[in-house]
1. So how do 333-344, 61-72, 420-431 stack up, highest first, on mean other-Cβ count within 10 Å?
2. Below 8 Å, C-alpha to C-alpha, sequence gap of six or more: please give me the relative contact order for region 1-122 in percent.
3. Using Cα atoms only, what is the angle between the long axis of helix 132-149 and the major principal axis of the chain, expressed in degrees (0 to 90) to the nearest 10?
4. Just one of (i) 27.5; (ii) 22.8; (iii) 20.6 is mean projected area of the Cα convex hull in nm² as worked out from the coordinates here. Which one is it?
5. Indicate the gyration tensor shape class of region 253-408 (rounded, prolate or oblate), computed on the Cα atoms with a ≥ b ≥ c the square roots of the eigenvalues: a/c under 1.5 is rounded; otherwise a/b larger than b/c is prolate and the rest oblate.
6. Mind listing which trypsin sites (Lys or Arg not before Pro) in region 136-181 are in a DSSP loop and have 13 or fewer other Cβ atoms within 10 Å?
7. For region 135-196, what is the charge dipole size about the Cα centre, in debye to the nearest 20, if Lys and Arg each add +1 at the Cβ and Asp and Glu each add -1 at the Cβ?
8. Got a sec? Charge dipole of region 1-126, +1 on Cβ for Lys and Arg, -1 for Asp and Glu; which of Pro39, Met82, Ala111 is way out at the positive end?
Amino acid sequence: MVTPASSGHRSSHASGAAAGKAARATARRSSHADWAPPPDRPDPVQTLVQQARTRTPELVPIRNGRMLRSPFAFFRGGAAIMAADLARTPVSGIRAQLCGDAHLNNFGGFAAPDRSLVFDVNDFDETLPGPWEWDVKRLAASIAVAGRDRGFGDDARADAVSGAVRAYRKAMRAFAGERTVDVWYARLDLEQQFTQWAVGLDASDRKVLDKTLKKARRKDSLRALAKLTYVVDGEPRIVSDPPLVVPIRDLFSADEAQLVRERLALSLQAYRRTLQADRRHLLDAYTLVDVAHKVVGVGSVGTRAWIMLLLGRDSSDPLFLQVKEADRSVLAPFAGRSRQANQGRRVVDGQRLIQAASDVFLGWVQIPDDRDATVRDYYVRQLWDAKISAPIDTMRAGELGAYSEICGWTLARAHARSGDRVAIAGYLGKSDRFDRALATFAESYADQNERDYAAFAAAAQAGAVPVDLEH
């Protein structure tokens, strides 16, 4: 268990830097290279089995099947495994608000409220205050695992990991010297970044960038309306594509579906109260039309996730909201439980603290489930809002390195907003000692991930865990 440590960010520059340097006595920077599984390490397969007990049973095989696609897919779904491992690693005692699952695929682009495209952390299911090193180590390990999946050599992987950590370290040092409000406003404008990238690209690659931006711009509620609905009596209804998308009309009898719809409509009113006044006014312009259960992601598969179709002035004015179950963070047993009793609020508060610009519809709610007499916590956001994800599985080595550096900068900005950026910068210093340590750690943990993946695959082969490889 990590005990609470200095996490404030109001120290003077001199005292904060001194505190950071003093923390090296608690955990030498070179000590972060260390990883070896302890004799009493929890069995990774049993960790996943235990986690699955709170999930929808019929969807667990889909989650397992998605995790079996590759060691990187397994890593993405194995946040609970690594959380327990990170709790055994050295920490400086300096804390920040963590993403909690800071792997490469949990960064991406989306539309800010001013409609410009920005790049940021975009997954907060596991967010919680904790040692800042845990996020950086999960990011570093994900780069090594992804590099192996792509077949990159040792040097290319080491360069990518070191580049990401170096970008984190240098960004933190820069943020340490900035005014607090300037750190709060800092963000990475995706279109400006793409313009900079395009300078060094040939015509073919520039076309790919332009196409990527245009595709992101189109990924909104109108696009979701075209992809996920059909028209019944002049009004859109969500399509049925079981088991990935199942409307409530297919989950319940007609009477039960009506009761569920009414309950969800009431839940929308409770969710409404978690929004700012102007955003409540915006939500009031829409009417709930249809609801469906939707399978999302890899690690999230099996958690209860609903999509709600709402209409504004007419059927050409849609809004899709995602209502996603929030369980306890996988970090909670090791970093301390959340101060927020509602896990959906934990996710929302963490996201608002970490992200430079958050979805205007971001909020939380509790919804009772009559089937098992349980009241569950959820958070709410738009389903699609010009979202863009990096194609990790097709990146070349140089592209992975450049993308990893951007993720490193972005993670530093997130931690600088919530933690003592001066102390973290003081701890990291000017040398590359921490960078090199994490490059070593990342490779050691990638070895561990491959061993865990092999154990999971063997369990699946033996029938010890149910698997659906089709979805």
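1. Ranked from most to least packed, the peptides come out as 420-431, 61-72, 333-344.
2. 32
3. For helix 132-149, the angle is close to 80 degrees.
4. Of the listed options (i) 27.5; (ii) 22.8; (iii) 20.6, (ii) comes from this structure.
5. Prolate.
6. Taking region 136-181 and a limit of 13 other Cβ atoms within 10 Å, the loop trypsin sites (Lys or Arg not before Pro) found are Arg179.
7. 240
8. Pro39
The values are calculated or read from the model by the stated rules, or taken from the named source; none is laboratory data. Keep in mind the model is a prediction, meaning the values are calculated, not measured. Please note: Cβ atoms are built from the backbone with ideal geometry, for glycine as well, and neighbour counts cover all protein chains shown. Surface accessibility is based on the protein's heavy atoms, side chains included, excluding ligands, DNA and RNA. Shrake-Rupley method; radii C 1.70, N 1.55, O 1.52, S 1.80 Å.
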